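Participant: The structure follows.
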Amino acid sequence: MTIFIQIRDLRKTYVMGKSTVHALDGIDLDIIPGSFTVVMGPSGSGKSTLLHLIGGLDRPTSGSIVVDGEPLEKMDENQLAEYRRKMVGFIFQSFNLVATMNAAENVGFPMRFARTTNRERRTRSMELLKRVGLDDRALHKPTELSGGQQQRVAIARSLVNQPKIILADEPTGNLDTASGYGIMQLLSVLHKAGHTVIVVTHDPRMQHFSTHIIYLLDGRIVSEAEYQAASTFDFAETSEGETTHES
Amino acid sequence: MRFIDLLRLILDNLGRRKGRVMLTAIGVVIGTASVILLISLAIGLQKSATSNLWGISDLRRVDVYPGYSEAPVMMEVGRSSGKGDVPPGMKILTPQTIEDIKALPGVTLVTPKQGIYGQAVLKSGRLENYPWIQGVDLDDIGVFEYPMQGGVTTLERGQAIIGGWVAQQFYDPKQRPGQDPPAQPDVLGQTLRLVLTKWTQDGVMINKTVNIKIVGIMSQAQAEQDSVMFVRLDELTAWNEWMMGSRINYNRDGYNQLVVRAEDPDQATEIADAITNMGYQASTSQSVVQGINSFFIVLQVVFGGIGAISLLVAAIGIANTMAMAILERTREIGLMKAVGATNKDVLSIFLGEAAGIGFIGGIGGVIIGWGGSLLLNMVASTFMPSNPYGGTQLATSTPGWLPLFALVFATLVGIISGLYPSLRAATLVPVNALKYE
Ligand SMILES: Nc1ncnc2c1ncn2[C@@H]1O[C@H](COP(=O)(O)OP(=O)(O)OP(=O)(O)O)[C@@H](O)[C@H]1O
Ligand SMILES: [Mg+2]
C-alpha cells in the first residue's frame with residue numbers, strides 16, 4: 001500500500017515563559033491516498049495543531065511530514081505557500097469567509113493567487129457552488145447565509161484549486177445537528193470523488209463515513225481503548241460536582 | 001500572483017471599504033493641497049515681485065557710479081555735479097575711465113549716461129510732460145535692446161526717443177478738478193518743444209526753448225526706461241552748459257553714470273567686482289535678482305515645509321489606518337496564506353492598498369490645490385488694486401511639475417507609511433493569523 005502522507009516523530013512544543021506545552025509529543029502516522037481519516041480527542045489534545053502542520057500553516061518543532069514524497073520541513077516559505085495553494089484545501093470551524101465578499105467571490109478567492117483568468121475563476125466558482133447546492137446564493141454575503149450554507153461555501157472554496165488533500169477542523173462544530181450531518185455527507189462525497197480527507201471532530205457520527213479513526217491524547221496517538229478510558233475518566237471528573245448519578 | 005490579479009484585488013479591497021479609504025485619504029488630500037497651494041503662492045509671489053522690479057530685465061548690465069574712496073559725502077549724484085563741485089576723495093567717471101573699463105575682459109559696451117542739471121518741460125500744444133532726460137553718447141540706442149513700440153532706435157541731434165510711459169503722461173496744466181484727463185497726443189514723428197528753465201542769481205527765471213523731434217517710442221516694460229527721454233549727449237551737454245553758465249569738461253567733472261554691458265550675464269558680477277576694485281561703485285541687477293530668488297527659495301522651502309508637515313500628519317494617519325486595517329483583517333491574512341498567498345503577495349496587496357490611498361488622496365489634493373490656486377488668482381484679479389504700471393496681479397503660479405510631483409509624493413507617502421504594517425502582515429505565521437480574534 002502506498003503512503004500518501006508520512007508523519008514521523010512529529011513534535012510541536014510551545015514555550016510560554018517557564019511552562020512548556022507539548023501540543024504534539026511524537027506523532028507517527030501514515031495516511032494512504034483516498035482515505036477518510038477522522039481525528040478525535042479531548043480538547044487540547046493537539047488535533048488542530050496536527051492538522052495545521054499537515055496543512056503547512058505552521059512548522060513543527062521537530063519531526064517530519066512527507067507528502068507525496070516531498071518533505072514539508074525542507075520547503076521555504078514560497079514553496080510552502082505553493083504547497084498550500086496546490087495540494088491542500090482547508091475547512092475551518094468558523095468558516096473564515098471574507099465578510100465583504102459574496103459567496104461566489106469567496107469561493108474564487110484562492111484562485112486570485114493562482115494565475116487563473118477572471119472568467120475561469122467565475123465559471124469555476126459557479127460550478128463549485130452548484131456542486132454544494134448553493135448556485136442560487138452566489139451573490140449573497142456571508143451574513144445573508146445560514147451557518148450550514150456558509151460552511152458549504154467554505155467547502156466549495158477549499159475545492160477551487162483542486163487539492164488532493166482536504167483538511168477540516170471541526171467543520172460541524174458551529175452547526176446544528178441537521179446541517180452538520182449535511183456537511184458530513186458532503187465531505188463523504190468529496191472522499192468518494194478521490195480526495196484524501198482528514199477531519200478533526202467531536203461528532204461521533206463522522207465515524208460512519210470514515211475509513212480510519214485516530215485518537216489523540218496529550219499530543220500522542222492512542223488506541224481506542226485508551227481513549228475511551230480517558231474520556232470516561234474525564235467525564236466522571238467533570239460531572240462529579242454537578243450530579244450524584246452514576247451513568 | 002499575476003500583476004493584473006494583484007491590481008484587481010487591490011482595487012477590490014479599496015472598493016470594499018470605501019468609507020475607511022476616503023476618511024484616510026482626506027488627510028492626504030489636505031496635505032497635498034496645502035503643498036501645492038503654498039508652493040504655488042511662493043512661486044507666484046516671486047514672479048510678480050521680479051516682474052514688478054525696475055530695471056531687472058537686463059542681467060548683462062552693470063551700472064557704474066562715481067566712487068567715494070574716503071569720507072563718503074552725502075550728495076545727489078547727477079544734480080549737483082559740475083564745475084568745482086567734485087568733492088575731495090571722489091573717484092569720478094572720466095573718458096579715461098571708459099577706456100579702462102573697456103579693457104576689462106567680457107565688456108562689450110561702455111557708454112556714459114548724463115542727466116540734466118535743471119528743469120526741462122516737454123510741451124505738445126498746451127499739454128506738458130516731465131520726462132527723465134538722459135544724454136547718451138550713442139548713434140543708436142539699439143545696443144540697450146529696449147523693445148520698441150514704434151519709430152527707430154537711431155538718434156541724432158534734435159531728436160529724442162521716449163519711454164512708453166512718458167508717451168502716456170501728457171497733462172493739461174490748466175485742467176480743472178473733476179475734468180477728464182486730456183486725450184494723449186500721438187507724438188511719434190512730431191516735433192515738440194522742450195522748455196529749459198534756469199534762474200539767475202537774482203532769482204529771475206530764464207527760459208530757453210529747443211525743438212525736438214520724437215523719432216522713437218519704447219514699449220512699456222515696467223523698467224526704468226519707461227520714464228526716460230533719451231537725447232544725444234553732446235546736445236545735453238550744451239543745455240547743461242547753458243544752465244550752469246560755464247563749460248563742462250568731463251575729464252574734470254566726470255559723468256553721472258556709465259552703463260557697462262557684459263558679453264554674458266554670468267560675467268556681469270565679475271565685471272562689477274573688477275570695477276569696484278578700481279574704486280568706483282558698480283551694481284548689477286544680478287545681485288538683486290539673486291537676492292530676491294534666494295529669498296523666495298527660502299519662502300518656497302518654508303511653505304513647502306508647512307505643506308510637507310501636513311503630509312507627514314497624513315502619513316501618520318495612513319500608517320495608523322493600515323495598522324488598524326491589518327489588525328482587523330488578521331484572519332483574512334491568515335486565510336490568504338492558507339489558500340496559498342505568498343509573503344510577497346500579502347506584502348504587495350497591503351503596500352498597494354496604502355499606495356492607492358496615497359494616490360487617491362494625491363488626486364484629490366491636486367484637484368483642490370490647483371483649483372484653489374486658480375480661485376485665488378481670480379479673487380486677486382477681482383479685488384486687488386491693479387498695478388499702476390500694468391504689472392502682473394498674479395497671486396499664485398502653479399508650474400506643471402508641481403501637481404505631478406505632489407501626486408508622486410502623496411503616493412510615496414502612502415507606500416512608506418504602509419511599509420511597516422504591510423511587512424508585519426506579510427510575515428505573520430498563517431496559523432497565528434487565523435487564530436487571531
Ligand atoms: N499558539 C500557541 N501557544 C501556546 N500554546 C498553544 C498554542 N496553540 C496551541 N497551544 C496549546 O497546544 C495544545 C494543543 O492545542 P490544539 O489547538 O491543537 O488542541 P485541540 O485538540 O485542537 O483542542 P480543541 O478540541 O479544543 O480545538 C493546547 O494545550 C494548547 O493550549
Ligand atoms: Mg482544535
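The values are calculated or read from the model by the stated rules, or taken from the named source; none is laboratory data. Because the structure is predicted, anything quoted here is derived from the model rather than measured. Here Cβ is always computed from backbone atoms with ideal geometry, including for glycine, and neighbour counts include all displayed protein chains. When the accessible area is computed, the model is the full protein with side chains, heavy atoms only, and any ligands, DNA or RNA have been set aside. Shrake-Rupley method; radii C 1.70, N 1.55, O 1.52, S 1.80 Å.
Participant: Going Cα to Cα from A:LYS12, which lysines come in below 26 Å? Please leave out same-chain ones fewer than 8 positions away.
Facilitator: Excluding near neighbours in sequence, the set is A:LYS47, A:LYS74, A:LYS86, A:LYS164, B:LYS337, B:LYS435.
Participant: Answer rounded, prolate or oblate for chain A, using the Cα gyration tensor with square roots of eigenvalues a ≥ b ≥ c: rounded when a/c is under 1.5, else prolate when a/b is larger than b/c, else oblate.
Facilitator: Oblate is the answer for chain A, as a/c is 1.5 or above yet b/c matches or exceeds a/b.
Participant: I would also like to ask the following. Expressed as a rounded percentage, what relative contact order does chain B have, with Cα pairs under 8 Å and six or more residues apart?
Facilitator: 30 percent
Participant: Computing the accessible area with a 1.4 Å probe over protein heavy atoms, can you report the carbon and sulfur percentage for the protein assembly as shown?
Facilitator: 57 percent
Participant: Further question: Charges on Cβ only, +1 for Lys and Arg, -1 for Asp and Glu, centred on the Cα centroid of chain A; of A:ASN161, A:LEU145, A:SER210, which one is farthest towards the dipole's positive end?
Facilitator: So the residue furthest toward the plus end is A:ASN161.
Participant: Separate question: Given points 7 Å out from each Cα along the Cα-Cβ axis, report the A:VAL15 to B:ARG20 separation in nanometres with one decimal.
Facilitator: 3.6 nm
Participant: From the square roots a ≥ b ≥ c of the eigenvalues of the alpha-carbon gyration tensor of the stretch B:111-257, which class results: rounded (a/c under 1.5), prolate (a/b over b/c), or oblate?
Facilitator: Because a/c hits 1.5 or more and a/b fails to exceed b/c, the stretch B:111-257 counts as oblate.
Participant: Tell me, what is the FRET efficiency for B:LEU404 and A:ASN118 to the nearest 0.05, using R0 = 51 angstrom and their Cβ-Cβ distance as r?
Facilitator: 0.95
Participant: Could you please put B:ARG329, A:ARG205 in sequence from largest to smallest accessible area, using a 1.4 Å probe?
Facilitator: Solvent-accessible surface, decreasing: A:ARG205, B:ARG329.
Participant: Tell me the relative contact order for chain A as a rounded percent, counting alpha carbon contacts under 8 Å between residues six or more apart.
Facilitator: The value is 27 percent.
Participant: Follow-up. In the full protein assembly as shown, how much of A:GLU73 is accessible to a 1.4 Å probe, in Å² to the nearest 10?
Facilitator: Accessible surface of A:GLU73 is approximately 80 Å².
Participant: Among the DSSP beta bridges whose two residues both lie in the stretch A:5-219, what percent are antiparallel, rounded to the nearest 5?
Facilitator: 50 percent
Participant: Right, next: Mind giving me the FRET efficiency for B:THR382 and B:ARG193? R0 is 51 Å, r the Cβ-Cβ distance, nearest 0.05 is fine.
Facilitator: 0.70
Participant: Something else about it: Would you mind telling me the antiparallel percentage of the DSSP bridges in the protein assembly as shown, rounded to 5?
Facilitator: Around 70 percent of the beta bridges assigned by DSSP in the protein assembly as shown are antiparallel ones.
Participant: Tell me, in nm to one decimal, what length is gained between A:HIS202 and A:ASP30 on full extension, where the rule is 0.36 nm per residue of separation less the Cα-Cα distance?
Facilitator: 59.8 nm
Participant: By how many nm would the segment from B:VAL289 to B:LEU423 lengthen if fully extended, with 0.36 nm per residue of separation less the alpha-carbon distance?
Facilitator: Contour length minus Cα-Cα distance gives 43.3 nm.
Participant: Another question, then. Provide the solvent-accessible area of A:TYR181, counting protein heavy atoms only and rolling a 1.4 Å probe, rounded to the nearest 10 Å².
Facilitator: Accessible area of A:TYR181: about 90 Å².
Participant: A follow-up question, please. Need one number: nm distance between label points at B:ASP12 and B:VAL121, each 7 Å from Cα along Cα→Cβ, rounded to one decimal.
Facilitator: 8.9 nm
Participant: May I ask what percent, to the nearest 5, of DSSP beta bridges between residues of the stretch B:111-257 are antiparallel?
Facilitator: Here the antiparallel bridges make up roughly 75 percent for the stretch B:111-257.
Participant: If you put +1 on each Lys and Arg Cβ and -1 on each Asp and Glu Cβ, how big is the dipole of the stretch B:111-257 around its Cα centre, in Debye rounded to 20?
Facilitator: That gives the stretch B:111-257 a dipole magnitude of about 520 debye.
Participant: May I ask you to derive the FRET efficiency for A:GLU226 and B:ILE306 from their Cβ-Cβ distance with R0 = 51 Å, giving the value to the nearest 0.05?
Facilitator: 0.10
Participant: Counting Lys and Arg as +1 and Asp and Glu as -1, each charge on the Cβ, what is the dipole of the protein assembly as shown about the Cα centre in debye, to the nearest 20?
Facilitator: 1300 debye
Participant: Here's something else I'd like to know. If DNA, RNA and ligands are ignored and the probe is 1.4 Å, what is the ranking of A:HIS195, A:HIS212, A:HIS140 by accessible area, most exposed first?
Facilitator: Solvent-accessible surface, decreasing: A:HIS212, A:HIS140, A:HIS195.
Participant: Could you give the dipole magnitude of chain B about its Cα centre, charging the beta-carbon of Lys and Arg +1 and that of Asp and Glu -1, in debye to the nearest 20?
Facilitator: Dipole about the Cα centre, nearest 20: 1640 debye.
Participant: Continuing with the same structure: For the full complex of protein chains and a 1.4 angstrom probe, list A:GLU82, B:GLU270, B:GLU235 by accessible area with the highest value first.
Facilitator: B:GLU270, A:GLU82, B:GLU235
Participant: Could you name the lysines in cross-link range of B:LYS123, using Cα to Cα under 24 Å and dropping any fewer than eight places away on the same chain?
Facilitator: Leaving aside lysines fewer than 8 places away in the same chain, those within reach of B:LYS123 are B:LYS113, B:LYS174, B:LYS198, B:LYS208, B:LYS213.
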